[in-house]
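The values are calculated or read from the model by the stated rules, or taken from the named source; none is laboratory data. What you are looking at is a predicted structure, and each value in this text was computed from that prediction instead of being measured. So basically every Cβ, Gly included, is an ideal-geometry build from the backbone, and we count neighbours across all protein chains shown.
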Amino acid sequence: MKREIAHLTVAAVEAIHDEVLAAHGGAPSLRDRGMLESAVLAPQATMLGEPMIKDPVEIAAAYLHYICLNHPFIDGNKRAALGACLVFLDLNGLLADESVTTKAADAWERFVLDVAAGKIDRIECAKRLGKLLGPKKRR
């Protein structure tokens, strides 16, 4: 039996952003609420009652992609985007403890910088995220 996917809320992403800034510094301010709402709701979009994106890793990649590119915060967009992606994966039981290690930090950083620079689209973002996570768990 498939479990319902636990999605992020706008408030949850704001809290993730606040935590990231508290830990690493930056200007704690929202630049554009509409862009934040768009970034958070896009991965949850449905058509005729069916999710547009069904694979949880693709959904996580969509959170990362849209938060990075929508740039809703004054500072910390990339960090908040990665945080949202990882929190989503963890909420849905898809983040193994060994998925994100300091050994892989450079690969994760390059990945997020490529997303933020618009070098990869959402589909490629999902592929690269899957590779960084290792073998995917399926629901």
All-but-one check, residue 112 against (1) under 23 Å from residue 19 (Cα atoms); (2) among the β-branched types (Val, Ile, Thr); (3) not in a helix (DSSP H, G or I), failing number (3)
Going through (1) at pLDDT 95 or above; (2) surrounded by fewer than 19 Cβ atoms within 10 Å (Cβ to Cβ) one by one, residue 8 fails only at (2)
